[in-house]
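The values are calculated or read from the model by the stated rules, or taken from the named source; none is laboratory data. Just so it is clear, the structure is predicted and the values come from calculations on it, not from any experiment. Cβ coordinates were reconstructed from backbone atoms using ideal geometry, including for glycine residues, and neighbour counts include every protein chain displayed. Quick note on the areas: whole protein, heavy atoms, side chains included, nothing else; ligands and nucleic acids left out. Shrake-Rupley method; radii C 1.70, N 1.55, O 1.52, S 1.80 Å.
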Amino acid sequence: MTTTAPAAAPAQGSGEIQDAGHVDVLIVGAGVSGIGAAHHLRDQFPDRTFVILDAQDHRGGTWWTHRYPGVRSDSDLFTYGYRFKPWRGPSIAAGEEILAYLDEVIDEDDLGPYIRCRHRVTAASWSTGDRRWTVEVTRGDTGQLVRFTAGFLWMCQGYYNHARPYRPQWEGMDRFQGLVIHPQRWPGDLDLAGKRVVVIGSGATAATLIPAIAGQAEHVTMLQRSPSYFYAPPTTHELAVMLDPLDLPDEWMHEIMRRQYITQYHWLARTSFEAPDELHAFLIESMRPLLPEGFDIEKHFTPRYRPWQQRIAVVPDGDLFAALREGKASIVTDTIETFTEHGIKVSSGEEIPAGVVVTATGFNLSVLGDVAFTVDGEPVDFTERVTWRGIMLNGLPNMAYVFGYFRHSWTLRVDLVSDLVGRLLATMQDKGATMVVPTLRPQDADMQLRPWSDPENFNPGYVRRSQHILFKQGDREPWTHMLEHEQEREILPEADLDDGTLVYR
Ligand SMILES: Cc1cc2nc3c(=O)[nH]c(=O)nc-3n(C[C@H](O)[C@H](O)[C@H](O)COP(=O)(O)OP(=O)(O)OC[C@H]3O[C@@H](n4cnc5c(N)ncnc54)[C@H](O)[C@@H]3O)c2cc1C
């Protein structure tokens, strides 16, 4: 058996669809999820053929798309890193360091030859007769249309549109004489020296970007409609500092720090549900000593939602607060009335001068990479589908997707989902099945369908804006998702793959 599909040679300009061959498993996306999935696939099934397709011109997903100054993880890298590959740096890492870590995984697993960049998947059609997916691809470099076939489709496309960031339109934008930039499209040669910058947004991106550019620009104003939660842990965990002189093997250090962070984040997630007021008070009070004397913490840093109902933004070593203390940055909490020629006017009547406006306003959520799916000729309407454990969808054969945690490192779920997909492929093999399809049982007929995300549980803007295009969840296992890692690390490895909700043929 060969280990990859034949390389698709560009046939520039021809309108024909080029046949790129057949693989056992086709992975969409070369970010943290796709690279992790490929590692586990190779590890468990060295003889299966596969290919990883990504629309962008480089691997890395989120960390390739977001290259604005200061871009870094919110999570510690011991849990954001894979279970199988020790992290050797400080807990919080810069985007470039994460890309370097992913490159090491690609090198060590020799995944490079299997990654095809500039391959945007536009359509995927399942044929029960042929027991395979036909996947239509447009090459970003040549415009050539390419067709792969695959026995199993593993969607690792992330959750947002990389090419089209979310940027609301505000009145007067056309008369603004400065530059408007979205962090998803940061110009590499941008010089902010002597410029007044307004960053619109209150989330992790704004909090990361502001301290990174505060030394360069004349002044940076964070303009937010409403406040978010921030937490300022040390860049390197105190336990890592204590363990450092012991010169432990990298694998030990990785495992010890993973357990430490997992325990810490379990506590945080649990407390957000069981004692939200206490957690709220803890987060607010831990910021107070880091802010300038007399700072209006009630107005600028006291959110109106429960902690973890939206992500808590991490500011390692409190660098955002340092920029505020040093007077290099300031915060305005207000709504935008209009852009003017030289800045932004807010509802209070204040005009904030700006030469550059950065719209750290977030994402457009994308459902399974905006791929048009059909099953036996019928277009798939995702709003009518129900998730199977946040890994598959009812009625979609031989297809798994990866969606990580919100309150924990995304990657913890990549490893868990990959284990389950591995078990699923092995079960198919044992049964001699060429097809597995999540199917609602007769006893699920009366199941109450719920939104993809319960707004009480998790409700950031990009989820609220897109709930209507997303698939659903049910009121019982295995038709639920958005469980916490603390539950899933017990449930997923034990999940019964023969409980009647997966039909093998
Ligand atoms: C700035 C920033 C910081 C973050 N920090 C953290 C953090 O600290 N901790 C955490 O847990 N999470 C964090 N996240 C969330 C982050 O998105 C996930 O952690 C993780 O990177 C998702 O990985 P992924 O591989 O699933 O998806 P992505 O990183 O989104 O990569 C998906 C890839 O699939 C490709 N793709 C999509 N559709 C198609 C298609 N139709 N055809 C071909 N290719 C396609 C895309 O081009 C992309 O390269 C952060 C997000 C951002 C934006």
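Residues of the stretch 71-96 that are within 12 Å of the ligand (Cβ to nearest atom) and surrounded by fewer than 17 Cβ atoms within 10 Å (Cβ to Cβ): none at all. Would you mention how many residues in the stretch 246-285 are closer than 29 Å to Gly89 by Cα, surrounded by fewer than 16 Cβ atoms within 10 Å (Cβ to Cβ) and touching a Lys or Arg at 6+ places or on another chain (Cβ under 7 Å)? Of the residues in the stretch 246-285, 1 are closer than 29 Å to Gly89 by Cα, surrounded by fewer than 16 Cβ atoms within 10 Å (Cβ to Cβ) and touching a Lys or Arg at 6+ places or on another chain (Cβ under 7 Å). Scanning the stretch 97-130 for residues that are within 13 Å of the ligand (Cβ to nearest atom) and within 23 Å of Pro183 (Cα to Cα) yields Glu97, Ile98, Leu99, Tyr101, Leu102, Cys117, Arg118, Arg120. Filter the stretch 370-383 down to the residues that are farther than 17 Å from Ala150 by Cα and touching a residue at least 12 places away in the same chain (Cβ under 8 Å), then identify the one that is farthest from the ligand (Cβ to nearest atom). For the stretch 370-383, the residue satisfying everything is Thr383. In a residue-by-residue description of the stretch 413-431, the property of being in contact with a Pro (Cβ under 6 Å, 6 or more places away or on another chain) and of a type outside the set (Lys, Arg) applies to no position.
Does Ile106 fit the bill of being among the β-branched types (Val, Ile, Thr), open to solvent by less than 20 Å² (accessible area, probe 1.4 Å), touching a residue at least 12 places away in the same chain (Cβ under 8 Å) and on the phi < 0 side of the Ramachandran plot? So Ile106 fits the description; yes. Among strands (runs of 3 or more DSSP E) entirely within the stretch 320-380, having at least 2 residues that are open to solvent by 30 Å² or more (accessible area, probe 1.4 Å) singles out 336-340, 351-353, 372-375. For the stretch 295-302, the criterion of being loosely packed, with under 15 Cβ neighbours inside 10 Å, out of contact with any Phe, Trp or Tyr (no Cβ under 9 Å at 6 or more places or on another chain) and under 26 Å from Pro234 (Cβ atoms) is met by at least one residue. Checking each residue in the stretch 41-58 for being more than 16 Å from the ligand (Cβ to nearest atom) and open to solvent by 70 Å² or more (accessible area, probe 1.4 Å) picks out Asp43, Gln44, Pro46, Asp47. Restricting the stretch 394-405 to residues that are open to solvent by less than 20 Å² (accessible area, probe 1.4 Å) and within 16 Å of the ligand (Cβ to nearest atom), which is modelled with the lowest pLDDT? Looking at residues that are open to solvent by less than 20 Å² (accessible area, probe 1.4 Å) and within 16 Å of the ligand (Cβ to nearest atom), I get Tyr405. Take the conditions in contact with a His (Cβ under 8 Å, 6 or more places away or on another chain) and buried (at least 24 other Cβ atoms within 10 Å of the Cβ) and apply them to Leu26. Does it pass? Considered against the rule, which asks whether it is in contact with a His (Cβ under 8 Å, 6 or more places away or on another chain) and buried (at least 24 other Cβ atoms within 10 Å of the Cβ), Leu26 comes out as no. Scanning the stretch 148-195 for residues that are part of a strand (DSSP E or B) and buried (at least 17 other Cβ atoms within 10 Å of the Cβ) returns Phe148, Thr149, Ala150, Gly151, Phe152, Leu153, Trp154, Met155, Tyr160, Ile181.
Yes or no: the stretch 476-486 includes at least one residue that is part of a helix (DSSP H, G or I), in contact with a strand residue (DSSP E or B) (Cβ under 8 Å, 6 or more places away or on another chain) and at pLDDT below 95. No, every residue in the stretch 476-486 fails to be part of a helix (DSSP H, G or I), in contact with a strand residue (DSSP E or B) (Cβ under 8 Å, 6 or more places away or on another chain) and at pLDDT below 95. Filtering the stretch 204-226 to residues that are crowded, with 19+ Cβ neighbours inside 10 Å, outside any strand (DSSP E or B) and not hydrophobic (A, V, I, L, M, F, W, C) leaves Thr205, Thr208, Pro211.
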